[in-house]
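Novice: The structure under discussion is supplied below as structure tokens; questions concerning it will follow.
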Amino acid sequence: MVHSATGLLSANIRLLRSRSGLSLSALARKAGVSKATLSDLESGSGNPTIETVFSLARALDAPVSSLLREGHQEQVTVVRAYRSEVLSGKGVELRPLRREDTGISVLEVYDQLFRAGRQQDSAGHPGTEHTIVTSGRLTAVIDGREHDLGPGDSVRFPASLPHTYIPRGGDVDSVLILTHTEPHHHATGGQAPADH
């Protein structure tokens with residue numbers, strides 16, 4: 001069983017790409033990443049960023065967690081902060097907390113930290129995005145419209161819309177919830193992907 005985030009990503013990209021019938025070149029083009037970058041990720045030697053992972057999820061029309069998870073889940077799961085691998089982007093750090101797959105939809109929960117002085121941009125990805133601010137102040141720009149959020153505030157929107165998060169005055173702690181209704185049941189749903 002693969003335990004590192006890079007190892008899981010590598011195995012799951014190969015599996016989902018194969019099941020989608022896409023060549024390495026075709027997936028690279030569709031995701032807007034270089035073939036060399038994708039080849040490195042599939043071989044387990046790449047260093048994935050949030051931007052790359054979300055681009056691949058969009059290109060594969062799969063929940064982000066399908067690229068980052070192991071299939072087997074214990075009845076009781078404790079996620080230790082010090083043991084969790086963090087996925088970093090230009091302005092954010094994501095730590096996976098939970099994935100729930102019903103066979104019809106997928107719920108993903110992440111601990112999310114926006115770093116002061118940096119903004120995080122997304123061209124969009126599958127599903128619905130729900131961000132809940134737990135501390136700090138955050139501006140969410142969704143499809144060109146600004147929404148200012150403080151502690152306890154949240155925003156929910158179709159994740160396919162272009163969106164940007166801008167922390168105001170310091171780091172911002174938040175929870176990210178992604179839901180994804182699958183048009184068809186992805187083969188990784190509920191089963192260990194040959195090792196995401």
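The values are calculated or read from the model by the stated rules, or taken from the named source; none is laboratory data. Keep in mind it's a predicted model, so treat the numbers as computed, not measured. Ideal geometry is used to build each Cβ from the backbone, glycine not excepted, and the neighbour counts take in all protein chains shown. In case anyone asks, the SASA skips ligands and DNA or RNA and just uses the protein heavy atoms, side chains included. Shrake-Rupley method; radii C 1.70, N 1.55, O 1.52, S 1.80 Å.
Novice: Taking Ser55, is it at pLDDT 80 or above, of a type in the set (Ser, Thr, Tyr) and surrounded by 19 or more Cβ atoms within 10 Å (Cβ to Cβ)?
Specialist: Yes, satisfied.
Novice: Filter the range 1-19 down to the residues that are open to solvent by less than 60 Å² (accessible area, probe 1.4 Å) and not aliphatic (A, V, I, L, M), then identify the one that is modelled with the lowest pLDDT.
Specialist: Ranking the candidates gives Ser4 first.
Novice: Starting from residues that are within 23 Å of Leu178 (Cβ to Cβ) and among the aliphatic types (A, V, I, L, M), keep the ones in the range 31-52 and report whichever is modelled with the lowest pLDDT.
Specialist: Filtering first and then ranking leaves Ile50.
Novice: Now, a different point. Name the one entry in Ala28, Ala62 that is among the small types (Gly, Ala, Ser), at pLDDT 85 or above and either closer than 28 Å to Gln119 by Cβ or not in a loop (DSSP other than H, G, I, E, B) (or both).
Specialist: Matching residue, one of Ala28, Ala62: Ala28.
Novice: Could you list, ordered by first residue, the pairs with Cβ atoms under 9 Å in which the first is in the range 83-105 and at positive phi and the second is open to solvent by 70 Å² or more (accessible area, probe 1.4 Å), at least 6 apart or interchain?
Specialist: Going by the 9 Å Cβ cut-off, the qualifying pairs are Gly103/His185.
Yes or no, residue by residue, for (1) farther than 17 Å from Asp173 by Cα; (2) touching a Pro at 6+ places or on another chain (Cβ under 7 Å); (3) at pLDDT below 95; (4) acidic (Asp, Glu):
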{"position": "Glu129", "(1), (2), (3), (4)": "no, no, no, yes"}
{"position": "Thr139", "(1), (2), (3), (4)": "no, no, no, no"}
{"position": "Ile142", "(1), (2), (3), (4)": "yes, no, no, no"}
{"position": "His147", "(1), (2), (3), (4)": "no, no, no, no"}
{"position": "Ser154", "(1), (2), (3), (4)": "no, no, no, no"}
{"position": "Pro158", "(1), (2), (3), (4)": "yes, no, no, no"}
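Novice: With the requirement that a residue be assigned to a strand (DSSP E or B) and open to solvent by 50 Å² or more (accessible area, probe 1.4 Å), what does the range 133-149 give you?
Specialist: Result: Thr134, Arg137, Arg145, Glu146, His147, Asp148.
Novice: What are the pairs, 6+ residues apart or on separate chains, where a residue within the range 41-57 that is within 12 Å of His125 (Cβ to Cβ) and among the hydroxyl-bearing types (Ser, Thr, Tyr) has its Cβ under 8 Å from a residue that is open to solvent by 30 Å² or more (accessible area, probe 1.4 Å) and in a helix (DSSP H, G or I)?
Specialist: Listed by first residue and then by second, the contacts come to Thr52/Thr37.
Novice: Additional query: Which of the residues that make up the range 169-184 are modelled with pLDDT of 95 or more and among the β-branched types (Val, Ile, Thr)?
Specialist: Matches in the range 169-184: Val172, Val175, Ile177.
Novice: Does Val133 qualify as being more than 13 Å from Leu161 (Cβ to Cβ) and within 14 Å of the chain's Cα centre (by Cα)?
Specialist: Judged against the criteria, Val133 is not a match.
Novice: A further question on this structure: Quick check: is even one residue across the range 116-131 of a type in the set (Val, Ile, Thr), open to solvent by 30 Å² or more (accessible area, probe 1.4 Å), in a strand (DSSP E or B) and more than 22 Å from Leu60 (Cβ to Cβ)?
Specialist: no
Novice: Count, please, the residues in the range 92-114 that happen to be touching an Asp or Glu at 6+ places or on another chain (Cβ under 9 Å), part of a loop (DSSP other than H, G, I, E, B) and open to solvent by 50 Å² or more (accessible area, probe 1.4 Å).
Specialist: Residues that pass the stated criteria total 1.
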